[in-house]
1. Among (1) assigned to a loop (DSSP other than H, G, I, E, B); (2) farther than 20 Å from Arg86 by Cβ, where does Gly11 come up short?
2. Only one residue in Ser16, Ser58, Ser12 is in contact with a strand residue (DSSP E or B) (Cβ under 9 Å, 6 or more places away or on another chain), surrounded by fewer than 15 Cβ atoms within 10 Å (Cβ to Cβ) and over 22 Å from Ala98 (Cβ atoms). Which one?
3. Taking the condition of being modelled with pLDDT under 55, open to solvent by 40 Å² or more (accessible area, probe 1.4 Å) and under 24 Å from Ala20 (Cβ atoms), how many residues in the range 118-146 meet it?
4. Going by the structure shown, is Ser41 surrounded by fewer than 15 Cβ atoms within 10 Å (Cβ to Cβ) and small (Gly, Ala, Ser)?
5. Among the residues of the range 51-93, count how many are outside any helix (DSSP H, G or I) and either touching a helix residue (DSSP H, G or I) at 6+ places or on another chain (Cβ under 7 Å) or of a type outside the set (Gly, Ala, Ser) (or both).
6. Does the range 40-56 include one or more residues that are under 27 Å from Asp131 (Cα atoms), among the hydrophobic types (A, V, I, L, M, F, W, C), out of contact with any Phe, Trp or Tyr (no Cβ under 7 Å at 6 or more places or on another chain) and at pLDDT 95 or above?
Amino acid sequence: MYDDILIPTDGSETISETLAHGLPLADHDDATVHALYVVDSRITAAATDETGPELERSLETEGRDAVATVEERASERGLDAVSDVRKGTPSKTILEYADAHDIDLIVIGTRGKSPREKVTSLGSVSERVVDNASIPVFVVRGAGGDG
């Protein structure tokens with residue numbers, strides 16, 4: 001059913017729960033796992049000229065570590081895995097990657113937000129991906145949330 005499954009990661013602890021659901025799906029169909037980390041260009045654009053380059057390097061390093069974790073866990077199951085670290089707006093970049101690589105399914109984690117957080121935030125990456133994806137999206141509610 002699935003040949004290519006995208007598992008975006010932000011490097012947070014929620015990836016363990018996301019992988020607990022995404023990797024068995026990939027294993028069942030012998031799908032290739034795509035790990036993606038997006039360096040949020042809105043964050044780097046807001047940095048000063050002095051701190052911007054260092055911040056970007058730091059986020060890229062964090063991204064390489066995050067996708068390496070996904071690749072390692074996929075490899076432990078004997079799955080093919082590829083990874084990428086890109087710059088952009090996370091939800092948009094995730095969807096662009098999915099289109100460019102003929103992804104069949106996106107498995108994405110979310111941190112449960114309290115009602116107050118939902119009102120005060122601009123929405124989550126996972127919500128935007130679900131709202132705009134043309135392919136199935138499996139959302140895994142992860143650890144670390146209040147609501």
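The values are calculated or read from the model by the stated rules, or taken from the named source; none is laboratory data. Just so it is clear, the model here is predicted, and its values are computed rather than measured. FYI the Cβ positions are ideal-geometry reconstructions off the backbone, even for glycines, and counts take in every protein chain you see. Protein only, heavy atoms only, side chains kept; ligands, DNA and RNA dropped before computing areas. Shrake-Rupley method; radii C 1.70, N 1.55, O 1.52, S 1.80 Å.
1. All conditions pass for Gly11, except number (2).
2. Details: Ser58 fails: in contact with a strand residue (DSSP E or B) (Cβ under 9 Å, 6 or more places away or on another chain); Ser12 fails: over 22 Å from Ala98 (Cβ atoms).
The unique qualifying residue is Ser16.
3. 3
4. On the way: surrounded by fewer than 15 Cβ atoms within 10 Å (Cβ to Cβ): no; small (Gly, Ala, Ser): yes.
So Ser41 does not fit the description; no.
5. To start, the set of residues in the range 51-93 that are outside any helix (DSSP H, G or I) comprises 51, 77-89.
Those still in the list that are either touching a helix residue (DSSP H, G or I) at 6+ places or on another chain (Cβ under 7 Å) or of a type outside the set (Gly, Ala, Ser) (or both) too: 51, 77, 79-89.
Summing the residues that are outside any helix (DSSP H, G or I) and either touching a helix residue (DSSP H, G or I) at 6+ places or on another chain (Cβ under 7 Å) or of a type outside the set (Gly, Ala, Ser) (or both) in the range 51-93 gives 13.
6. The initial filter retains those residues of the range 40-56 that are under 27 Å from Asp131 (Cα atoms), namely 40-46.
Subset that is among the hydrophobic types (A, V, I, L, M, F, W, C): 43, 45-46.
Next, only the ones that are out of contact with any Phe, Trp or Tyr (no Cβ under 7 Å at 6 or more places or on another chain) stay: 43, 45-46.
Next, only the ones that are at pLDDT 95 or above stay: none.
For the range 40-56, residues under 27 Å from Asp131 (Cα atoms), among the hydrophobic types (A, V, I, L, M, F, W, C), out of contact with any Phe, Trp or Tyr (no Cβ under 7 Å at 6 or more places or on another chain) and at pLDDT 95 or above: absent.
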